[in-house]
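What follows draws every value from the coordinates through simple rules; no lab data is involved. All values derive from a computational prediction rather than experimental measurement. Here Cβ is always computed from backbone atoms with ideal geometry, including for glycine, and neighbour counts include all displayed protein chains.
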Amino acid sequence: MSLKKPSVEDRTWTIAIVVFAILLRMIAAVVWQFQCEASGTSLRFGDSYSYWTISRNVVVDGQYQFGSSESKIFRAPVYPLVLAPFAWCEHYFLGGFAQWPAVLMSRFIGCFLGGLVVWIVMRWTREIAGVRASRCSGVLAATYCGAVGMSIFVLSEAVATPLIVLSMWLLWRSTKVLSSEQGSRGYLWTIASAISFGGACLARPSWGLWPLVVFPFLLIASKPAGWFYSRKLFFCGSFFLGMVVLVMAPWWVRNYTITGKFVPTTLQVGASLYDGWHPGASGSSDENMEFSMQTMRRIVQEESMLANPREGLESTLEWRIDRRLHKEAWDWAIGNPSDALWLGLIKFRKTWSPVPQARELSNRWVRWWEALSYLLIVVLSVLGLYRLGVDRKRWADGIWMALPCVYLAILHMVFVGSVRYRQPGVLVLCGLAGIGLASLWLNKNREGKDALGDARESEE
């Protein structure tokens, strides 16, 4: 795959859009921080509090845990470790008396990572459809409300989103290189993609099933290229999974030494599954996870009634709570299939509704910003997919960019639904939306020419 070297003008546009994206996020971070302080807290989301608490425990006590020694695998490690320097600053430099400066600095890190995502989307779109589409996608990604929010909230998406988008782009590049004469270089891109993906899973475990979606798609899309290319993709997938194992292995070993069990991500999977499947579930999350505490009390009471409490107990209490919630969730879903299906449709609506329903986002201007920018991206991405397929006969590239939304839609029809969970997929859609917007511009100003304009710069 060859790509024309970007011109000075193109680099200037790229830098300007990325800098604008970072500055917009930093302004939003300051405004959000003031709103949080006005409500009496530096961290408005319950998940944010858990990440910050774990980070503080790491730097103060040297213990990676939340609450007690029975919560040592409560969160995946990447984001708490990213927050650790800021928690250290709060505890040792600020004396624990002023949390907000440290929190605000952590939000600024998210702003820079958000700018990185904008750059990745622009670069990816440029390789598919040229510089005009790249600039359009950059503007859309820079100004999309959901992308701004995920950068400034103290949530794991601030780190997980750049990693997963980077992984998708690198894996896409590897498949293109594998089909060229320099195919061996494709495996290097695959390894880089796997490292990014492993980091994304250790920041946001919900991406753990992504290879089950993307590699079958790649094999199906590779059929027109012949058996030899499919064989290359098979080896590419093997390289990918092998490197992911190496990246995640230290976390797996650490979890095994604690529980004596294989725990691939965290011991909150059962709680998350139960949050989505249980009697009275609404499709939204109970942030306080009160049912987890109720389950813990039930288990502790049952174990206290044993003749010898030390006998017959498997692993840690944290592991047993996770297993119990996991089993009860599946038992309810199997026993109530129609309710589980109906609940899945409700979660789908909550996740993909234009207007966010989270009570923390009560500002009507933010809600309208999210709704309008989201709808614009969706409409333009449909046009972009059509143009990419019809004008360039590159349906596979378009579907590749839409695939994260399909994955997230299915995943969060099982787990709880929220606008928060769609944001990485919509960010990738900005690439398709940029192609659609560029085609509208070029159709208006350059009739009779290629709807994708300078897409020839990305010819392979």
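Here are a few things to note about the model shown:
- Between 0 and 90°, nearest 10: helix 100-129 axis offset from the chain longest Cα axis: 40 degrees
- Listed residue (ALA141, SER55, ALA102) projecting farthest to the positive dipole end of segment 2-159, Cβ model: ALA141
- Distant alpha-carbon pairs in segment 1-46 (separation over 18 angstrom), percent: 55 percent
- Per-residue Karplus couplings for segment 320-336, computed as 6.51 cos²θ - 1.76 cosθ + 1.60 with θ equal to phi - 60°, are listed in order as 5, 5, 4, 5, 4, 5, 4, 5, 5, 5, 5, 4, 5, 5, 5, x, 9 Hz, Gly and Pro entered as x.
- Amide H to amide H distances under 5 Å link LYS261 with no residue, where only residues 5 or more positions off or on other chains count and H is placed in the peptide plane.
- Cβ-based charge dipole, segment 8-458, positive-most Cα from LEU23, VAL263, LEU317: LEU23
- For the chain, the longest site-free run once chymotrypsin sites (Phe, Trp or Tyr not before Pro) in DSSP loop states with at most 13 other Cβ atoms within 10 Å are removed: 263-460
- Table column - 3J(HN,Hα) (Hz), segment 135-147, Karplus curve with 6.51, -1.76, 1.60, x for Gly and Pro: 5, 4, 5, x, 5, 5, 5, 5, 9, 5, 4, x, 5
- In a reduced charge model with +1 at each Lys and Arg Cβ and -1 at each Asp and Glu Cβ, segment 8-458 shows a dipole moment near 1240 debye about its Cα centre.
- Mean residue ellipticity at 222 nm, helices only, the chain: -23500 deg cm²/dmol; runs of at least 4 DSSP H residues each add -39,500 (n - 2.57), and the sum is divided by the number of residues.
- Between 0 and 90°, nearest 10: helix 210-221 axis offset from the chain longest Cα axis: 30 degrees
- If you count Lys pairs in the chain whose Cα atoms are under 16 Å apart, skipping same-chain pairs closer than 8 places in sequence, the total is 7.
- Amide H contacts under 5 Å for ARG394, placed H, 5+ residues apart: GLY389
- Computed on the Cα trace of the chain, the radius of gyration divided by the Kirkwood hydrodynamic radius gives Rg/Rh = 0.99.
- Based on the Stokes-Einstein relation at 20 °C and a viscosity of 1.002 mPa s, and on the Kirkwood radius from alpha carbon pairs, segment 1-98 is assigned a translational diffusion coefficient of 131 µm²/s.
- Cα long-axis angle, helix 8-38 against the chain (0 to 90 degrees, to the nearest 10): 30 degrees
- Across segment 71-86, computed HN-Hα scalar couplings (Karplus, 6.51 cos²θ - 1.76 cosθ + 1.60, θ = phi - 60°) run 10, 8, 10, 6, 10, 5, x, 4, 5, x, 6, 5, 6, 4, x, 6 Hz from first to last residue, x flagging Gly and Pro.
- Extension gain, VAL31 back to TRP252 (0.36 nm per residue minus Cα-Cα distance, nm): 75.6 nm
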